[in-house]
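Here the structure is laid out as structure tokens; the discussion comes afterwards.
The values are calculated or read from the model by the stated rules, or taken from the named source; none is laboratory data. In this text, all values refer to a predicted model and were calculated from it rather than measured experimentally. Cβ: placed from backbone, ideal geometry, glycine included. Neighbour counts: every protein chain shown. These area figures cover heavy atoms from the full protein model, side chains too; ligands, DNA and RNA do not enter into them. Shrake-Rupley method; radii C 1.70, N 1.55, O 1.52, S 1.80 Å.
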Amino acid sequence: MPTTIFLSLLAALAGAAVVTQQIFNANLRGVLNSAPWAGLVSYAVGTLCMIAFILATRDSVPSLSMVRGAPWYLWIGGALGAVFIALAIFLVPRLGAAAFIALLVAGQMLASMAFDHFGAFGLEKQAASPVRLFGAALLIAGVVLIRR
């Protein structure tokens, strides 16, 4: 069983991959002179990687009943990803990578705290305690400092 430290390092690596992806996508926009094409290339390469992952893990194709049984809102994940990629391609060159990621993390933290607090989308409820709210306030203070 992986240790908490190892899993935390993997999460940090995922964070580094996110910022690197956004910098590369923003630079690709400059090369292609097109934000939509840069986003499409990013998704096409990502799709090929996921196909390779499916083949490597020999994962079976979900049944039609499984697909039909999914709530409608689960299908908008790809659209939300496209919004994220498009905004990142546009904003990273204007805000800088550090400010973009700081704002991104602040938005993620506030949304995730609200989802936890209300038990949204099947999450187990976790109250937005004063300690958690203080942590979010510190994160927002960090964003302000990074933006200066």
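State, as an integer percentage, the relative contact order of the chain based on alpha-carbon contacts under 8 Å between residues 6 or more apart.
For the chain, the relative contact order is 23 percent.
Which loop-located trypsin sites (Lys or Arg not before Pro) does segment 26-74 contain, where loop means any DSSP state but H, G, I, E or B and the Cβ has at most 10 other Cβ atoms within 10 Å? Let's see the in-between values first.
Numbers: sites: Arg29, Arg58, Arg68; in loops: Arg58.
For trypsin sites (Lys or Arg not before Pro) across segment 26-74 that sit outside H, G, I, E and B with at most 10 neighbouring Cβ atoms in 10 Å, the list reads Arg58.
With a 1.4 Å probe and all protein chains left in place, how much accessible area per residue does the chain have, in Å²?
Ligands and nucleic acids excluded, the figure is 73 Å² per residue.
Could you work out, for segment 96-147, what percent of all Cα-Cα pairs fall into each 10 Å distance bin, beginning at 0 Å and stopping at the bin that holds the largest distance?
Spelled out bin by bin, segment 96-147 gives 27, 45, 23, 5 percent.
Expected output is a single nm value to one decimal: the length gained when fully extending between Leu9 and Ser63, i.e. 0.36 nm times separation in residues minus the C-alpha distance. What is it?
Details: separation 54, 0.36 × 54 = 19.44 nm, distance 3.47 nm.
That works out to 16.0 nm of additional length.
With a 1.4 Å probe and all protein chains in place, put Val41, Val31 in order of accessible area, largest first.
If we order Val41, Val31 from most to least accessible, we get Val31, Val41.
Quick one: plug the Kirkwood hydrodynamic radius of the chain (C-alpha pairs) into Stokes-Einstein at 4 °C, 1.567 mPa s, and report D in µm²/s. Walk me through the numbers before you get to the answer.
On the way: Rh = 18.1 Å.
Translational D for this selection: 72 µm²/s.
Assuming 0.36 nm per residue, please report the length gained on full extension of the stretch Val19 to Ser34 beyond their Cα-Cα distance.
3.4 nm
Over the chain, with a Gaussian network built from C-alpha contacts below 10 Å, which listed residue (Ala97, Ala26, Ala79) shows the highest mean-square fluctuation?
Ala79
Please work out the FRET efficiency for the pair Ala127 and Ala99, using the Cβ-Cβ distance as r and a Förster radius of 41 Å; give the result to the nearest 0.05.
E(calc), rounded to 0.05, equals 0.85.
Using the crude model of +1 on Lys and Arg Cβ and -1 on Asp and Glu Cβ, and no other charge, please compute the dipole size for the chain relative to its Cα centre, in debye to 20.
With Lys and Arg at +1 and Asp and Glu at -1, about 280 debye.
Sum -39500 (n - 2.57) across every DSSP H segment of at least 4 residues in the chain, then divide by the residue count to get the 222 nm mean residue ellipticity, nearest 500.
-27000 deg cm²/dmol
Could you work out the pair-distance distribution P(r) of segment 18-103 from its alpha-carbon pairs, with 5 angstrom bin width and percents rounded to whole numbers?
So the P(r) values, bin by bin, are 3, 13, 18, 18, 17, 12, 10, 7, 2, 0.
Could you let me know the centre-to-centre spacing of segment 43-77 and segment 20-37, using Cα atoms, in angstrom?
With segment 43-77 and segment 20-37 each reduced to a Cα centre, they are spaced 25 Å.
What list of ³J(HN,Hα) values in whole Hz, one per residue of segment 102-113 in order, does the Karplus curve 6.51 cos²θ - 1.76 cosθ + 1.60 (θ = phi - 60°) give from phi, with Gly and Pro shown as x?
With coefficients 6.51, -1.76 and 1.60, one gets 4, 5, 4, 5, 4, x, 5, 5, 5, 5, 5, 5 Hz.
Ignoring any ligand, DNA or RNA, what whole percent of the accessible area of segment 1-108 comes from carbon and sulfur when the probe is 1.4 angstrom?
About 76 percent, which is the carbon plus sulfur part of the accessible surface.
Hey, in the GNM for the chain with a 10 angstrom Cα cutoff, which one of Ser112, Ser65, Ser129 fluctuates hardest?
Of Ser112, Ser65, Ser129, the Gaussian network model singles out Ser65 as fluctuating most.
With a ≥ b ≥ c the root eigenvalues of the C-alpha gyration tensor of segment 11-62, is it rounded (a/c under 1.5), prolate (a/b larger than b/c) or oblate?
Oblate, because a/c is 1.5 or more while a/b does not exceed b/c.
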